[in-house]
Amino acid sequence: MQVTGMLYGAKMLRFVDFPTTEVLGPSASEEDIKALLDKHGLIFVKPLFKGGVGKKGKAGLIGKASDLKTALKEKERLYFVEHHVGNTMAKANGVTFEAAVPAEHEVYFSITDSTHFRAPTMTLTHHGGVDIEELDKTQIAQVPFDPLTGLKAFVVANALSQLDAPKQIISPLVQHLPFMNVPERPVVVTLRHQFGEATGGVGCVLGVAFQSGMQHANIE
């Protein structure tokens, strides 16, 4: 399973009561976009790609607008934009409009199917807003877990503590991360590798922003 962007990711996060920003899809009218701007003051315009496409920010493919004219201009620029990463080319088919949320801290969190640990693995760092591969290994926590028992809250709290993360973000993150303390709604997702091998687990990447608690999440 691979979900990119907040258009569908927000719906998944709300399923487990994870707070998200407001998101409009490519069919949003000018009135809808203006209402979003009036409410939040700033929005981000992002192209919609099929599958995971990285390094969009560095390539200038994330637009920012504080007025309707700029938002529509960014929509026109990004709606069918092409993005090249190495030998791979992806073409967008639409855009999303995401409300900006002021934040003091940004946390990178992912659950992926690790071939190294041969198990679902949590990757976590409070040095968000940068490419994860550019960080030193001492700034990243990677913890495998059993998909049948799930990811426990104390594991996340311990990982953040070992990374010397600010204390004010530890409790909100542990309280709101999905698939943790929801025994009445156990989640087991089947991940398929490129070569067809299936493994039980959950696959998602979350960019979480904090300002006196949980405020906003991005899923890619």
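We did not get these values from a lab; they are worked out from the coordinates using the rules stated. Keep in mind that what you see is a predicted model, and the values were worked out from it rather than measured. Cβ placement follows ideal geometry from the backbone for every residue including glycine, while neighbour counts extend to all protein chains displayed.
Assorted remarks:
- More than 21 Å apart - percent of Cα-Cα pairs taken over region 22-99: 24 percent
- Counting 0.36 nm for each residue step from K69 to H40 and taking away their Cα separation leaves a gain of 8.9 nm.
- Under the Karplus curve 6.51 cos²θ - 1.76 cosθ + 1.60, θ = phi - 60°, whole-Hz ³J(HN,Hα) for region 147-152, x wherever Gly or Pro sits: x, 6, 9, x, 8, 8
- Highest mean packing first, where packing is the average number of other Cβ atoms within 10 Å per residue, the peptides 11-17, 100-106 line up as 100-106, 11-17.
- A Cβ-based charge dipole, computed about the Cα centre of region 22-99 with Lys and Arg at +1 and Asp and Glu at -1, lands at about 420 debye.
- With the convex hull of its Cα atoms as the shape, region 103-169 has an orientation-averaged projected area of 4.9 nm².
- Across K11/K152; K137/K167; K69/K91; K39/K73; K73/K167, pairs whose alpha-carbon gap is larger than 30 Å: K73/K167
- Point-to-point label distance, T112-N87, nm (Cα→Cβ direction, 7 Å offset): 2.0 nm
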